[in-house]
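The values are calculated or read from the model by the stated rules, or taken from the named source; none is laboratory data. In this text the structure is predicted, and so the values were computed from the model without any measurement. Note that we place each Cβ from the backbone using ideal geometry, even for glycine, and neighbour counts take in every protein chain shown. With ligands, DNA and RNA removed, areas are computed over all heavy atoms of the protein, side chains included. Shrake-Rupley method; radii C 1.70, N 1.55, O 1.52, S 1.80 Å.
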Amino acid sequence: MSELPKSFDSQSQAAAMLKLDSYFLKELKAEGCTAFKPGGRIRRDELLDAIERKRERARERLRDADSDGEVVSAHDWEYRRSVLFDVLEFLHDAYADKRINLAKYAELGEATVEQLIKLGEVWEAGIDAPGFRKTWLACLAQAALRKNEENKRARG
């Protein structure tokens, strides 16, 4: 991987270079991440720290959910929107880590996105369904493009 710049010019650049879903970055920004500066610039180090903190919170929620004495509180309800994005991020990670191939990524992603949208509606989580679908299709197109580039490099 080439060296990352000290700051990114946009969310789409950061998402592409870090191989993240742009909705993940939008969620960080909405949560008040200080890496996002006026004019669209994003500080790399602050962003990487925020990403790690968000992933650690997700891991903690999973560990807590696995405990026998799980109690869901009103505080957990505040994170319902974030949970929807975490599920999609898990799918992106499964593909990036090569646990699933591109065909399975596409198949699972299409079904997952639709279910997350439905769940978001029931939860009143404020999911922008057309935007969510559009972002998924952009992620899938990026994955297919990267796969084609990898195939070309392997061939020649």
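Restricting to the range 19-29, and then to whatever is out of contact with any Ser or Thr (no Cβ under 9 Å at 6 or more places or on another chain) and open to solvent by 30 Å² or more (accessible area, probe 1.4 Å), can you tell me which residue is nearest to LEU145 (Cα to Cα)?
LYS19
List every residue pair whose Cβ atoms sit under 7 Å apart, with the two residues 6 or more apart in sequence or on different chains, where the first one lies in the range 27-42 and is over 19 Å from LEU84 (Cβ atoms) and the second, anywhere, is assigned to a helix (DSSP H, G or I) and open to solvent by less than 80 Å² (accessible area, probe 1.4 Å).
Cβ pairs passing all conditions: THR34/GLU46; ALA35/GLU46; ALA35/LEU47; ALA35/ALA50; ILE42/GLN11; ILE42/ALA14.
LEU48 - would you say it is within 24 Å of GLY109 (Cα to Cα), modelled with pLDDT of 85 or more and surrounded by 11 or more Cβ atoms within 10 Å (Cβ to Cβ)?
So LEU48 fails the test.
Can you pull out the helices (runs of 4 or more DSSP H) entirely within the range 80-156 that have at least 3 residues that are at pLDDT below 90 and among the acidic types (Asp, Glu)?
Where helices (runs of 4 or more DSSP H) fall fully within the range 80-156 and carry at least 3 residues being at pLDDT below 90 and among the acidic types (Asp, Glu), they are 80-96.
Among the residues of the range 59-69, is there at least one that is among the acidic types (Asp, Glu), open to solvent by 50 Å² or more (accessible area, probe 1.4 Å), modelled with pLDDT of 80 or more and on the phi < 0 side of the Ramachandran plot?
no
Out of the residues in the range 110-133 meeting the condition of being surrounded by fewer than 13 Cβ atoms within 10 Å (Cβ to Cβ) and of a type in the set (D, E, K, R), tell me which one is nearest to LEU88 (Cα to Cα).
LYS118
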